[in-house]
């Protein structure tokens, strides 16, 4: 429309000009002299031609189409609503981060009002050399102060002046050292700081030769005690040891409490006899055909006042559960019927670390932090005998062979595995090759050998009654393994590694690590969480440091299930040997839970 109007206006003006020029030419022609020469007529015609060409040029320039901006390219800022969740076009930065229209929020703080060019604040381009950055960083970590990076100041000016540099951190130290960095010396001569040694490199001087062992000048050494002072110190230490030994050797009252009404039933059978009316054959030797994942919490045993250290099934039948705790007590519980606490055994001064049944279950041995191992009668609660090597026993295990039930081994804090004879009470063998406290003892290869793990991050295999390890396994990538379990088929060792993994070793022949089977996902770093296999070897179950219980598939190492079992560390998990889907867990919250 605009172009049409412009063109119309241009044509009318050109017609007016042409009419005016024609009138002027007419006047010129009319006013020309009748007696004009032909040359003058040519000039007049030439002038009129030029005028007509100029008028045409003006007409073409005027009729040119005006410049029109297309509608789609109009630069109009589009407003993006603050609650907009999705945009159908690609907005510019100015449009997307434009200030919200409307009155300012009076409740904004000064920090919130400050301009931002990123989510967390305003970033300005700056440059600092890598050397200066490291210089100030190391100075701050060493001396506690550094130059303020947000202030530009001359470093040559004195500290504290108006034009001097600004510091952050320990300002008084900056005043005292005049702002020196770690690459600068507060003394004029650094060579003078070195301590001088006494030198005597003459090998002919036999008495005074020092070599590289010369002391520093003005070095003060602690004088050795003379014979009289040494005798006094030894006497004082001997008195202290005798005093401590008297306190330790003072007999503690060993007692047990029976919590059920009758210790025997109507047929005269004690609670050690497996029940018949529970719907499960507890005397069979085979495992269930197939195991299943537990789904519900069915019972809780409470009675311990502190965290539980270990739990053990009664041999073969598993109708009783033995637990030892940090409250220095040992309890035995019913697994079926009323699920009561049957008996409590008290005989240790300090926390009980481990317990172990013999093959019949009529006796068990306990290891406590009071440095004692005690052999108990399970039925009566009496202490049969006591053993001590003056070191803390961390694990204890009866020999599994029926003809060696009078022998048990214990791993102690002084890096030894000690074997005791319960008949004589004497030590019959010592295995001393580890470099750290012994954590576990596991019998393998039809009980002809046993495997031990230690804080020295190694695994050693021993022949029974031979005090030299036949196999030593240590790798730079290995961690300490404070819990080890033998698989039901006797072919694999599952080891709880403190790098939050369960690693598998072969229990026959070479004892090689199976790197294809590694179970991860739980957090056990720092805790000796015991683990167990399901009876059919379908699953592997373990607790962790957060109180959760984890179950993995044995073949695929896939994590099948995890749940919050305890409020504190879940220190032990055992699968029932005769039940397809029942397992028991124990934690540092002092409770034992039964799952099905």
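The values are calculated or read from the model by the stated rules, or taken from the named source; none is laboratory data. Note that this is a predicted model, so its numbers are computed, not measured. Here the Cβ is made from the backbone with ideal geometry for all residues, glycine too, and neighbour counts use every protein chain on show.
Could you tell me whether residue 456 is touching a strand residue (DSSP E or B) at 6+ places or on another chain (Cβ under 9 Å) and assigned to a loop (DSSP other than H, G, I, E, B)? So residue 456 does not fit the description; no.
Is at least one residue of region 573-588 within 19 Å of the chain's Cα centre (by Cα), in a strand (DSSP E or B) and buried (at least 23 other Cβ atoms within 10 Å of the Cβ)? Checked against the condition, which is being within 19 Å of the chain's Cα centre (by Cα), in a strand (DSSP E or B) and buried (at least 23 other Cβ atoms within 10 Å of the Cβ), region 573-588 yields no hits at all.
Considering 396, 365, 428, 461, the condition of being buried (at least 19 other Cβ atoms within 10 Å of the Cβ), more than 35 Å from the chain's Cα centre (by Cα) and not in a loop (DSSP other than H, G, I, E, B) is satisfied by 365 alone.
Could you run through region 498-539 and say how many residues are assigned to a loop (DSSP other than H, G, I, E, B) and at negative phi? Break it down into steps so the answer makes sense when it comes.
To start, the set of residues in region 498-539 that are assigned to a loop (DSSP other than H, G, I, E, B) comprises 498-500, 507-512, 521-530, 534-538.
Imposing the further condition that a residue be at negative phi reduces the set to 498-499, 507-508, 510, 512, 522-525, 527-530, 534-536, 538.
Qualifying residue count for the region: 18.
The sole residue among 73, 111 that is exposed (fewer than 10 other Cβ atoms within 10 Å of the Cβ) and modelled with pLDDT under 65 is 73.
Let's see how each residue does on (1) more than 23 Å from residue 360 (Cα to Cα); (2) exposed (fewer than 10 other Cβ atoms within 10 Å of the Cβ); (3) touching a helix residue (DSSP H, G or I) at 6+ places or on another chain (Cβ under 9 Å):
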residue	(1), (2), (3)
203	yes, yes, yes
213	yes, yes, no
222	yes, yes, no
225	yes, no, yes
229	yes, no, no
255	no, no, no
259	no, no, no
266	no, yes, no
275	no, no, no
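Return the only residue of 308, 330 being assigned by TED's automatic domain parsing to the domain that holds residue 374, over 24 Å from residue 422 (Cα atoms) and within 35 Å of the chain's Cα centre (by Cα).
On the way: 330 fails: over 24 Å from residue 422 (Cα atoms).
That would be 308, the only listed residue that is assigned by TED's automatic domain parsing to the domain that holds residue 374, over 24 Å from residue 422 (Cα atoms) and within 35 Å of the chain's Cα centre (by Cα).
Residues in region 470-484 that are surrounded by fewer than 20 Cβ atoms within 10 Å (Cβ to Cβ) and either part of a strand (DSSP E or B) or not assigned by TED's automatic domain parsing to the domain that holds residue 503 (or both) were compared, and the one that is nearest to the chain's Cα centre (by Cα) is 473. Only one of the numbered conditions (1) in contact with a strand residue (DSSP E or B) (Cβ under 8 Å, 6 or more places away or on another chain); (2) farther than 27 Å from residue 561 by Cβ is not met by residue 316, and that is (1).
Of all the residues in region 365-403, those that are in contact (Cβ under 8 Å) with a residue 40 or more places away in the chain and over 16 Å from residue 437 (Cβ atoms) number 18.
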